[in-house]
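**Student:** Got a structure for you, questions after.
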Amino acid sequence: MSSQDPYDILGVASTASAAEIRLAFRRRAALLHPDRNPSPDAGARFREAQQAYELLTDEERRAAHDLKRQKRLLDDPDPVARSMFHTYLAELE
């Protein structure tokens with residue numbers, strides 16, 4: 001998976017419910033599916049969204065990711081805080 005945060009990939013907050021994650025994935029999948037999107041990187045971006053969805057819908061993997069995310073926030077707050085801020089702004093739109 002890419003270095004981008006799965007929450008950012010799907011455009012959801014870290015507090016998103018399973019239903020919100022599923023809806024966000026379906027929307028992204030509709031936009032990025034290689035059968036619908038002629039962009040040369042559509043397949044890679046679609047797989048990235050699939051991997052983000054799989055991680056966030058598995059409770060154990062999501063908890064482990066959230067713990068790592070919190071640790072990164074303590075170790076190097078700037079990139080994580082910037083990512084969280086952009087996700088928050090996207091929710092307001």
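**Student:** For segment 55-68, check the following and say yes or no: at least one residue is of a type in the set (Asp, Glu), exposed (fewer than 11 other Cβ atoms within 10 Å of the Cβ), within 17 Å of Val12 (Cα to Cα) and at pLDDT 85 or above.
**Tutor:** Yes - at least one qualifying residue is present in segment 55-68.
**Student:** Check whether at least one residue in segment 68-75 is closer than 12 Å to Asp5 by Cα, among the charged types (D, E, K, R) and more than 15 Å from the chain's Cα centre (by Cα), and report yes or no.
**Tutor:** yes
**Student:** Right, another one. Looking at Gln4 and the list (1) outside any helix (DSSP H, G or I); (2) surrounded by 15 or more Cβ atoms within 10 Å (Cβ to Cβ), which single condition is not satisfied?
**Tutor:** (2)
The values are calculated or read from the model by the stated rules, or taken from the named source; none is laboratory data. No experiment lies behind these values; they were computed from the predicted model shown. Here Cβ is always computed from backbone atoms with ideal geometry, including for glycine, and neighbour counts include all displayed protein chains.
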